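Peer 1: First the structure, then my questions, so here it is.
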Amino acid sequence: MLRYEGKTVIELDVNGEKRTVTVRPSDILLDVLRDQLGLTGAKPGCRNGDCGACTVIMDGLPAKSCLVLAVEAVGRSILTVEGLDAGSPIQGAFVAKSAFQCGYCTSGFLMVCHAMLSKYPKPEEHVLEEWLQSNICRCTSYQEIRDAVKSIIQQ
């Protein structure tokens, strides 16, 4: 890390690519992803960890990027919605089951569901419920999101 004028140059591993950014100690990962790297899939919602619209995957687990300082992400593997394969099963299932309405929360739900399915390819109902509790959608029922995940489980 290189420091100057209260800022630090750090390297982040984002979507399998090493990216260099300049941050202040207080910069959150959400803002760095959006403002410096142009990765706007993680959405600023509550900015206090409640809504999950900013969810990314760090080292295989969902993380709310509004709660992670950018410097805490050094040496960690970060996956954003932009890094999901274009034809990922979860994205196709969300489209097929209409598991979105306005779309603001969708990227966060996609990341939570992708991480869950990576860890638990055939999750039991209680696991699905537990993982989905981390995110909030104000537009639609959660049934379509559950249906999307379940359609992948049944394959």
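The values are calculated or read from the model by the stated rules, or taken from the named source; none is laboratory data. For clarity, every value in this text was computed on a predicted model and none was experimentally measured. Counting neighbours? That spans all protein chains shown, and the Cβs are built from the backbone with ideal geometry, glycine included.
Peer 1: How do the pairs read when you match residues in region 73-93 that are in the same structural domain as Val56 (by TED's automatic domain parsing) with residues anywhere that are surrounded by fewer than 15 Cβ atoms within 10 Å (Cβ to Cβ) and part of a loop (DSSP other than H, G, I, E, B), using Cβ under 6 Å and keeping only pairs 6 or more apart or on different chains?
Peer 2: Filtered contacts from region 73-93: Arg76/Asp59; Ser77/Asp59.
Peer 1: Let me ask something else about it. One residue is enough: does region 27-38 have a residue meeting the conditions touching a residue at least 60 places away in the same chain (Cβ under 8 Å), in contact with a strand residue (DSSP E or B) (Cβ under 7 Å, 6 or more places away or on another chain) and closer than 24 Å to Trp131 by Cβ?
Peer 2: No, region 27-38 contains no residue that is touching a residue at least 60 places away in the same chain (Cβ under 8 Å), in contact with a strand residue (DSSP E or B) (Cβ under 7 Å, 6 or more places away or on another chain) and closer than 24 Å to Trp131 by Cβ.
Matching residues to (1) under 14 Å from the mean Cα position of the chain (by Cα); (2) within 20 Å of Gln155 (Cβ to Cβ); (3) of a type in the set (A, V, I, L, M):
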| position | (1), (2), (3) |
| --- | --- |
| Phe100 | no, no, no |
| Cys105 | yes, no, no |
| Leu110 | yes, yes, yes |
| Pro121 | no, yes, no |
| Glu124 | no, yes, no |
| Leu128 | no, yes, yes |
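Peer 1: Could I ask something else about it? For the subset of region 48-94 comprising residues that are of a type in the set (S, T, N, Q) and assigned to a loop (DSSP other than H, G, I, E, B), which member is nearest to Ile10 (Cα to Cα)?
Peer 2: Within region 48-94, the match that is nearest to Ile10 (Cα to Cα) is Ser65.
Peer 1: If we keep just the residues of region 100-127 that are closer than 24 Å to Pro44 by Cα and of a type in the set (A, V, I, L, M), which is surrounded by the most Cβ atoms within 10 Å (Cβ to Cβ)?
Peer 2: Looking at the filtered set, the residue picked out is Met111.
Peer 1: To continue, here is another question. Can you go through Val112, Val127, Val95, Val74 and tell me which one is of a type outside the set (Asp, Glu) and closer than 15 Å to Leu33 by Cα?
Peer 2: After applying the criteria, what remains is Val74.
Peer 1: Okay, moving on. Identify, by number, the condition in (1) in contact (Cβ under 8 Å) with a residue 40 or more places away in the chain; (2) assigned by TED's automatic domain parsing to the domain that holds Leu30 that Thr140 doesn't meet.
Peer 2: So the condition that Thr140 fails would be (2).
Peer 1: Filtering region 49-100 down to residues that are closer than 25 Å to Cys139 by Cα and among the hydroxyl-bearing types (Ser, Thr, Tyr), which residue is modelled with the lowest pLDDT?
Peer 2: Ser88
Peer 1: Looking at region 47-64 only, could you name the residues that are farther than 26 Å from Ser151 by Cα, in contact with a Lys or Arg (Cβ under 9 Å, 6 or more places away or on another chain) and surrounded by 15 or more Cβ atoms within 10 Å (Cβ to Cβ)?
Peer 2: Gly49
Peer 1: Give region 95-110 a look and list any residue that's assigned to a helix (DSSP H, G or I) and either in contact (Cβ under 8 Å) with a residue 60 or more places away in the chain or under 17 Å from Lys150 (Cβ atoms) (or both), or say none.
Peer 2: Listed by number, the residues that qualify are Val95, Ala96, Ser107, Gly108, Phe109, Leu110.
Peer 1: What number of residues within region 128-155 satisfy the criterion of being in a loop (DSSP other than H, G, I, E, B), surrounded by fewer than 19 Cβ atoms within 10 Å (Cβ to Cβ) and out of contact with any Gly (no Cβ under 8 Å at 6 or more places or on another chain)?
Peer 2: The total comes to 8.
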